[in-house]
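Nothing in this text is a laboratory measurement; each read-out follows from the coordinates by a stated rule. Remember, it's a predicted structure, so these values are computed and weren't measured experimentally. Cβ sites come from the backbone with ideal geometry, for glycine too, and all protein chains shown count toward neighbours.
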Amino acid sequence: MEFISQAADLYVQEHSTATSKLLQEIHDFTYQHHVEPHMLSGPVQGKFLSMVSRMIKPKRILEIGTFTGYSSICLAEGLAVNGLLHTIEMREADAEIAHSFFNKSEYKSNIQLHVGDAHQLISSINEDWDLVFIDADKTGYIDYFNFLNEHVRAGTFLLFDNVLFHGEVLSENIKGKSAKAIAAFNEHLKKINNIDFVMLTIRDGITIIQKK
Ligand SMILES: C[S@@+](CC[C@H](N)C(=O)[O-])C[C@H]1O[C@@H](n2cnc3c(N)ncnc32)[C@H](O)[C@@H]1O
């Protein structure tokens, strides 16, 4: 189930700034060559990530779930001068594709790609994050959140993607492992006192959290 009708989705896309040539190239390449192209953020969510990043002007961004690099470049668009985005991807083949696109980007020297399991790598990257985007294994969301909530300073923004999980979170009998994990994550946030957060119905749902 998708929340936004195809017609509304197209209308929204047509009434937003068109994406850059490079983002279009990543989009087209992913849809032509990858077996899971739907994982890519796409033009509207991509522009949203870019806008959020431009509002914050982060010096340091952490992204988990690089995939083919689309969202990384969107996020990098808002980096402060000499800012740095660290992005973690577990699958070497995806990381290689992303790397080739980063090399074509004006943000090439502002993006550091890490290949491996984010659960192991996250604690080894010693930075003071301004903005974090989590878009990887859904069963890891609570762990990622707990770790980040303990380590980031007050004011940091954390974005979590796919929090509606194709509408499966609305079901009374949630079946899939990832859908259950997302539902548990959404409930988990309600028990945390030191954050302010809002769930938005952009694409598959994004929750924006700010640590207080
Ligand atoms: C939904 S895709 C990310 C899409 C991308 N953010 C975009 O918008 O174009 C999720 C990615 O997370 C990666 N991933 C899953 N579990 C991971 C983990 N534990 N550590 C690092 N990457 C992981 C997957 O290999 C996949 O490429």
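Of the residues that make up the range 103-117, is at least one in a helix (DSSP H, G or I), within 14 Å of the ligand (Cβ to nearest atom) and either surrounded by fewer than 16 Cβ atoms within 10 Å (Cβ to Cβ) or over 13 Å from the mean Cα position of the chain (by Cα) (or both)? No, that holds for no residue.
Considering (1) away from the ligand (no atom under 12 Å from the Cβ); (2) closer than 16 Å to residue 76 by Cβ; (3) aromatic (Phe, Trp, Tyr), the lone condition that residue 11 does not fulfil carries the number (2). Scanning the range 147-156 for residues that are touching a helix residue (DSSP H, G or I) at 6+ places or on another chain (Cβ under 9 Å) and either surrounded by fewer than 21 Cβ atoms within 10 Å (Cβ to Cβ) or of a type in the set (Lys, Arg) (or both) returns 147, 148, 151. For the criterion of being of a type in the set (A, V, I, L, M, F, W, C), surrounded by fewer than 18 Cβ atoms within 10 Å (Cβ to Cβ) and under 28 Å from residue 5 (Cβ atoms), residue 200 passes. Would you check which residues across the range 32-86 are surrounded by 24 or more Cβ atoms within 10 Å (Cβ to Cβ) and without any contact (Cβ under 8 Å) to a residue 60 or more places away in the chain and list them? Across the range 32-86, the qualifying residues are 46, 66, 68, 69, 70, 72, 73, 74, 75, 76, 85. For residue 71, the conditions (1) within 12 Å of the ligand (Cβ to nearest atom); (2) more than 18 Å from residue 22 (Cβ to Cβ); (3) of a type in the set (Ser, Thr, Tyr) are fulfilled apart from (2).
Residue-wise test of (1) in contact with a helix residue (DSSP H, G or I) (Cβ under 8 Å, 6 or more places away or on another chain); (2) touching a residue at least 40 places away in the same chain (Cβ under 8 Å); (3) surrounded by 16 or more Cβ atoms within 10 Å (Cβ to Cβ).
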| site | (1), (2), (3) |
| --- | --- |
| 127 | no, yes, no |
| 135 | yes, yes, yes |
| 145 | yes, yes, yes |
| 159 | yes, yes, yes |
| 165 | yes, yes, yes |
| 176 | yes, no, no |
| 183 | yes, no, yes |
